[in-house]
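Everything on this sheet refers to the single structure shown next.
The values are calculated or read from the model by the stated rules, or taken from the named source; none is laboratory data. All values derive from a computational prediction rather than experimental measurement. FYI the Cβ positions are ideal-geometry reconstructions off the backbone, even for glycines, and counts take in every protein chain you see. For accessibility, only protein heavy atoms count, side chains too; no ligands or nucleic acids. Shrake-Rupley method; radii C 1.70, N 1.55, O 1.52, S 1.80 Å.
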Amino acid sequence: MNETASLRARAEIDLAALRANVRVLRARAAGAQLMAVVKSDAYGHGAVPCARAALEAGATWLGTATPHEALALRAAGLGGRIMCWLWTPGGPWREAIEAGIDVSVSGMWALREVTAAAAEAGRPARIQLKADTGLGRNGCQPADWPELVAAARTAEEAGTLRVTGLWSHFACADEPGHPSITAQLDTFRDMVAYAEKAGVEPEVRHIANSPATLTVPESHFDLVRTGIAMYGISPSPELGTPADFGLRPVMTLAASVALVKHVPAGHGVSYGHHYTTSRQTTLGLIPLGYADGIPRHASGRGPVLVGGVRRTIAGRVAMDQFVVDLGGDEPAVGSEAVLFGPGDRGEPSAEDWAQAADTIAYEIVTRIGGRVPRVHVDDEADGTRAGTPEGTPTGARVAAADGRSAGS
């Protein structure tokens, strides 16, 4: 048995699929650059290998939420443009400036801190001003925009910083036809026009996320930011399946069956006995639980492919394991149980799990925990499939991560 097969569980990451997805998304926004969003360890897929693959496929920017995620990419040797946007007071402004990272500024406190850090660093900061066009989360309100723009221009004229971008974020782009989409676009255009009239000359203007990249072409501007779609997951089932958009899911989550046993009718299964066998049957033990990111809310509903047959979790998901009723089948101990993947073998999808847990597929892939090794495979290098689990030396186009890589 090879080392990959002997793992208790694994999240297999198909880098060839990720590259193909990036190419599809670039074609969708042919007039714009593409930012590959690799925040939260690339949505659970492994930030460094996924960032490299995205750049190889033509992405020109990388995006993270936190500055520490961005700095980790730089430490891993990734060059080019990197942007991060979730700052708190006292953050590592100077380190980001010295690493050549574009930092987002949403208010005067942040502008003051980044300006002071740039003076200490002895080099201008690269900043992007974020406009709150209606999401009501981060970003500068239209009423406060003139003050922020004026202060940024003053610092720019003093040589302390360079305003490289103007940007915003949609609230409802995953709901086609929602009136807020047009309203936010109008507000964004107005705020961009104001800043440019004040003398700002941005390298990029951007508002499009994954759903807008796929369905709102008028929002593409100079740059689109693709996150979940890059990993082959539809940003909203209502918009279409991944296949409808020419995308392929990148992550396959699987485990080795740890035990198969016979039990009589009327046998309780897992905590609380919320499931009781209706007949003599066989039970299979799957060594994944909520400590690994398997949602407890999917107890009794989560789908799993075992022995070529779709099963359903029997009873509650526990911290480290759950059980499936095999209905008398007896797959070999050590055989594969597939929780989700691209569907080639009839396995469930991340969206199936999202429905079982009353959540979204974003959460399903992002929550897979650090003790599940990421095994990065790549079919594009030489036409063969290669993979490396945690701790195995990597080849030229094969990477391995352990779920705690850059950005985690």
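Close amide H contacts of H267 (hydrogens built in the peptide plane, cut-off under 5 Å, sequence separation of 5 or more or a different chain): T277. Eigenvalues of the alpha-carbon gyration tensor of the stretch 211-318, scaled by 5 and square-rooted, set the equivalent ellipsoid semi-axes at 40, 13, 12 angstrom, largest first.
Given a 1.4 angstrom probe, what's the average accessible area per residue across the chain, in square angstrom?
Details: 16200 Å² over 408 residues.
Value returned for the chain: 40 Å² of accessible area per residue.
Projected label points at H267 and D379, each 7 Å from Cα along the beta carbon direction, are separated by 3.9 nanometres. The stretch between D244 and A27 holds 76.7 nm of extra length on full extension. This uses 0.36 nm per residue minus the Cα-Cα distance.
List residues of the stretch 245-272, by number, whose backbone nitrogen lies under 15 Å from a label position 7 Å along Cα→C-beta of R8. 254-259, by backbone N distance to the label point.
Estimated from the Cβ-Cβ distance and a Förster radius of 25 angstrom, the FRET efficiency linking H178 and N138 is about 0.80.
Normalised Debye scattering of the chain at q = 0.08, 0.11 Å⁻¹ gives log10 I(q)/I(0) of -0.48, -0.83, counting only Cα atoms as equal scatterers and leaving out solvent.
Converting the Cα gyration tensor eigenvalues of the stretch 142-292 into ellipsoid dimensions via √(5λ) gives semi-axes, longest first, of 52, 18, 15 Å. With the simple spin-label model, which puts each label point 7 Å out from Cα in the Cβ direction, the E218 to R189 separation comes to 0.7 nm. Charging the Cβ of each Asp and Glu at -1 and of each Lys and Arg at +1, and nothing else, the dipole of the stretch 1-77 about its Cα centre rounds to 220 debye. How large is the helix-only mean residue ellipticity at 222 nm for the chain, computed as the sum of -39500 (n - 2.57) over DSSP H runs with n ≥ 4, divided by its residue count, in deg cm²/dmol to the nearest 500? After summing the helix terms and dividing by the residues of the chain, the value is -8000 deg cm²/dmol.
With a cut-off of 9 Å between beta carbons, the residues surrounding H169 carry a summed charge of +2, where Lys and Arg count +1 and Asp and Glu -1.
Computed 3J(HN,Hα) for the stretch 157-167, one whole-Hz value per residue from the Karplus formula 6.51 cos²θ - 1.76 cosθ + 1.60 where θ = phi - 60°, is 5, 7, x, 7, 8, 10, 7, 8, x, 10, 8, glycine and proline marked x. When +1 charges are put on Lys and Arg Cβ atoms and -1 charges on Asp and Glu Cβ atoms, the dipole computed for the chain relative to its Cα centre reaches about 460 debye.
Figure the gain on full extension for E147 and T88 (residue separation times 0.36 nm, minus the Cα-Cα span) and round it to one decimal in nm.
That pair, E147 and T88, stretches by 19.2 nm at full extension.
Straight-line cross-link partners of K261 among the aspartates and glutamates, defined as a Cα under 17 Å from its Cα and at least 8 positions apart when in the same chain: D325, D329, E330, E336.
Between the residues V377, Q355, L148, the greatest Cα displacement towards the positive end of the dipole of the chain, with unit charges on the Cβ of Lys, Arg, Asp and Glu, is found for V377.
Expressed as a whole percent, the accessible surface of the stretch 230-276 that belongs to carbon and sulfur atoms is 57, based on a 1.4 Å probe. Using the Cβ of G90 as centre and a radius below 15 Å, the other residues enclosed give a net charge of -1, where K and R count +1 and D and E count -1.
Rounded to the nearest Hz, the phi-derived 3J(HN,Hα) couplings of the stretch 294-301 under the Karplus curve 6.51 cos²θ - 1.76 cosθ + 1.60 (θ = phi - 60°) are 6, x, 5, 5, 8, 3, x, 9, where x marks glycine and proline.
A simple rule links phi to the HN-Hα coupling: the Karplus curve 6.51 cos²θ - 1.76 cosθ + 1.60 with θ = phi - 60°, which for the stretch 372-380 gives 9, x, 8, 10, 8, 10, 8, 9, 7 Hz, with x for Gly and Pro. Computed with a 1.4 Å probe over protein heavy atoms only, the accessible area of E238 comes to about 140 Å². Helix 179-197 and the long axis of the chain differ in direction by around 30°, with both axes built from C-alpha atoms. Set Lys and Arg Cβ to +1 and Asp and Glu Cβ to -1, take the dipole of the chain about its Cα centre, and tell me which of A16, A258, Q184 lies farthest positive. The listed residue farthest towards the positive side: A258. Taking the chain as a Gaussian network of alpha-carbon nodes connected by springs under 10 Å, the highest mean-square fluctuation of the residues K39, K130, K197 belongs to K197.
Of all beta bridges DSSP finds with both residues in the chain, what is the antiparallel percent, to the nearest 5?
Details: 31 of 62 bridges.
Beta bridges within the chain, antiparallel portion: roughly 50 percent.
Around G240, with a cut-off of 12 angstrom between Cβ atoms, what is the net charge of the other residues, counting Lys and Arg +1 and Asp and Glu -1? Once positives and negatives cancel, what remains is -4. I want to verify a result. In a Gaussian network model of the chain, Cα cutoff 10 Å, which of these has the top mean-square fluctuation: T64, T366, T277? Highest fluctuation among the options: T277.
Over the chain, with a Gaussian network built from C-alpha contacts below 10 Å, which listed residue (V377, V204, V105) shows the highest mean-square fluctuation? It is V204. Within the same chain, lysines fewer than 8 places from K39 are excluded, and of the rest, those with a Cα less than 27 Å from its Cα are K130.
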